[in-house]
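*Asks:* First the structure, which I've put down as structure tokens, then a few questions once you've had a look.
The values are calculated or read from the model by the stated rules, or taken from the named source; none is laboratory data. Just so we're clear, the structure is a prediction, and the values are computed from it rather than from any experiment. A quick note on method: Cβ atoms are made from the backbone with ideal geometry, for glycine too, and the neighbour counts reach across all protein chains shown. For the accessible areas, the whole protein counts, side chains as well, though only heavy atoms, and no ligand, DNA or RNA atoms are used. Shrake-Rupley method; radii C 1.70, N 1.55, O 1.52, S 1.80 Å.
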Amino acid sequence: DIIGHLADRAETHTALGREMRLSAMAAGFTTTLEEELDYRVEARNVHMIESTMRDIHAGSPELQEIAIPAVYSDASTRRVLTMDVMDGSPLSSAGDRLEALGAEARHQLSQTLMETVIEQILVYGVFHADLHPGNVFIRDDGTLGRVDFGAIGIVQRSQREHLAAFLLSAASDDDVSAADALLLIVDAPEDLDVDAFRHDIGIALTSVQHWPRGEGSIFTMMLDVIRKHHLALPSTLASAFRS
């Protein structure tokens, strides 16, 4: 209630609040927050993620599977979630173990995680919306696992197609196509300076190609450009960018 009230006031009384559609943004946030307090929702989310994982592995059997803890529905309620314990350690506290694996093994794990997340977002439209190093585990057998599915993102097919077009354009350093693809996703104000927007997209795409390896993120830069030009990004796609 507090978040909704403040967002409504900001949207009513400030230009930035109106441009960013703060009421809609707050509604999406509070809906997610309420869902995270109902473990029946998380149990359903786990089953949805499991479904995408089965499809991904069926289509790419060479891709290493990422473990997801099984949920025991008969022993779960709105306030209790019963599931398997995930063995191993979260990446946030597994620095020594990751170092001991060696560069090739780390590369394989990162490739597995990246391909899985990208495929979940772009192909199946269901993905982990709170993906951070505390929710990704390096297991005792050296494989990966994921936990905490209180929040998942769901992207409809049309948005997935626009997002894929953006990624392909970004990979090709095509600032015009990348900007046009983003404009199909975001809610742009009528007075948007399209040339300036394309310019900033181009600067970001060129810069990221020459950054030190592993530093920064193209998605973070895109979010900065979107905010700079007062564009409203749907909450699910903002979650996809973060993931």
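*Asks:* Leaving out ligands and nucleic acids, note down the accessible area per residue over the stretch 1-113 with a 1.4 angstrom probe, in whole Å².
*Replies:* 65 Å²
*Asks:* Less than 20 Å from a label point 7 Å out along the Cα-to-Cβ axis of Gln209: which backbone N atoms in the stretch 154-190 qualify, by residue?
*Replies:* It comes to 164-182, nothing else.
*Asks:* Here is a further query. Whose amide H sits under 5 Å from the amide H of Ser243, counting only residues 5 or more places off or on another chain, with H placed in the peptide plane?
*Replies:* Residues meeting the amide H criterion: none.
*Asks:* Related question: Ser93 versus Leu37, label points 7 Å from Cα toward the beta carbon: distance in nm?
*Replies:* Calculated label separation equals 2.8 nm.
*Asks:* To test your reading of the geometry: what angle, between 0 and 90 degrees and rounded to tens, separates the Cα axis of helix 157-171 from the longest principal axis of the chain?
*Replies:* Roughly 80 degrees between the two axes.
*Asks:* Can you compute 3J(HN,Hα) from phi for each residue in the stretch 197-204, using the Karplus curve 6.51 cos²θ - 1.76 cosθ + 1.60 with θ = phi - 60°, rounded to whole Hz and x for Gly and Pro?
*Replies:* Per-residue couplings from phi come out as 4, 4, 4, 5, 4, x, 4, 5 Hz.
*Asks:* Another question, if that's okay. Any idea which of Ser23, Ser73, Leu63 is furthest toward the positive side of the dipole for the stretch 9-75, if Lys and Arg beta-carbons carry +1 and Asp and Glu beta-carbons -1?
*Replies:* It is Ser23, whose Cα lies furthest towards the positive end.
*Asks:* Another question about this same structure. Apply 1/(1 + (r/R0)^6) to the Cβ-Cβ distance of Leu168 and Ala75, taking R0 = 45 Å, and write down the FRET efficiency to the nearest 0.05.
*Replies:* 0.50
*Asks:* Convert each backbone phi in the stretch 73-84 into a coupling constant with the Karplus relation 6.51 cos²θ - 1.76 cosθ + 1.60 (shift: θ = phi - 60°), then list the ³J(HN,Hα) values in order as whole Hz, x for Gly and Pro.
*Replies:* 4, 5, 10, 10, 9, 4, 10, 9, 10, 9, 8, 5
*Asks:* Show the residues, 5+ positions off or on another chain, whose built amide H is closer than 5 Å to the amide H of Val155.
*Replies:* Under 5 Å from the amide H of Val155 lie the amide H atoms of Val126, each far enough along the sequence or on another chain.
*Asks:* Using θ = phi - 60° and the Karplus relation 6.51 cos²θ - 1.76 cosθ + 1.60, list the HN-Hα couplings for the stretch 175-192 in order, rounded to whole Hz, with x at every Gly or Pro.
*Replies:* Values, residue by residue: 5, 5, 5, 5, 5, 5, 5, 5, 5, 7, 9, 8, 9, 9, x, 5, 8, 4 Hz.
*Asks:* While we're on this one: Which FRET efficiency, nearest 0.05, do Ala196 and Thr12 yield, Cβ-Cβ r, R0 25 Å?
*Replies:* 0.35
*Asks:* Based on the mean of other Cβ atoms within 10 Å per residue, sort peptides 28-36, 201-209 so the most packed one is first. Let's see the in-between values first.
*Replies:* Details: 28-36: 14.4, 201-209: 16.7.
Highest to lowest by the protection proxy: 201-209, 28-36.
*Asks:* Shifting gears a bit: Which cross-chain or sequence-distant (5 or more) residues have an amide H under 5 Å from the amide H of Ala67, H modelled 1.01 Å from N in plane?
*Replies:* Amide H neighbours of Ala67, under 5 Å, 5+ apart: Leu144, Gly145, Arg146.
*Asks:* Another one. Compute the angle between helix 39-59 and the longest alpha-carbon principal axis of the chain, please, reported from 0 to 90 degrees and rounded to the nearest 10.
*Replies:* Long axis of 39-59 versus the principal axis of the chain: about 80 degrees.
*Asks:* Compute the long axis of helix 22-36 from its Cα atoms, compare it with the longest principal axis of the Cα atoms of the chain, and write down the angle in degrees, 0 to 90, nearest 10.
*Replies:* 10 degrees
*Asks:* Let me ask something else about it. Tally up the carbon and sulfur contribution to the accessible surface of the stretch 1-44 as a whole percent, 1.4 Å probe, everything protein left in place.
*Replies:* Taking all protein chains in place, the stretch 1-44 shows 60 percent carbon and sulfur surface.
*Asks:* Put +1 on the Cβ of every Lys and Arg and -1 on every Asp and Glu Cβ in the chain; which of Thr12, Ile138, Met53 then has its Cα farthest towards the positive end of the dipole?
*Replies:* Thr12
*Asks:* Using the heavy atoms of the protein chains and a 1.4 angstrom probe, tell me the accessible area per residue for the stretch 177-243 in square angstrom.
*Replies:* 53 Å²
*Asks:* Once you have the Kirkwood Rh of the stretch 104-243 from its Cα pairs, apply Stokes-Einstein at 37 °C and 0.692 mPa s and quote D in µm²/s.
*Replies:* The estimated diffusion coefficient comes to 203 µm²/s.
*Asks:* Rounded to a whole number, what is D in µm²/s for the stretch 1-90 from Stokes-Einstein with the Kirkwood radius over alpha-carbon pairs (25 °C, 0.890 mPa s)? Kindly include the intermediate steps, with their values, before the conclusion.
*Replies:* Working: Rh = 16.2 Å.
Calculated translational D: 151 µm²/s.
*Asks:* With mean projected area of the Cα convex hull in nm² defined as stated, name the option among (1) 15.0; (2) 27.2; (3) 16.8 computed from the structure displayed.
*Replies:* (1)
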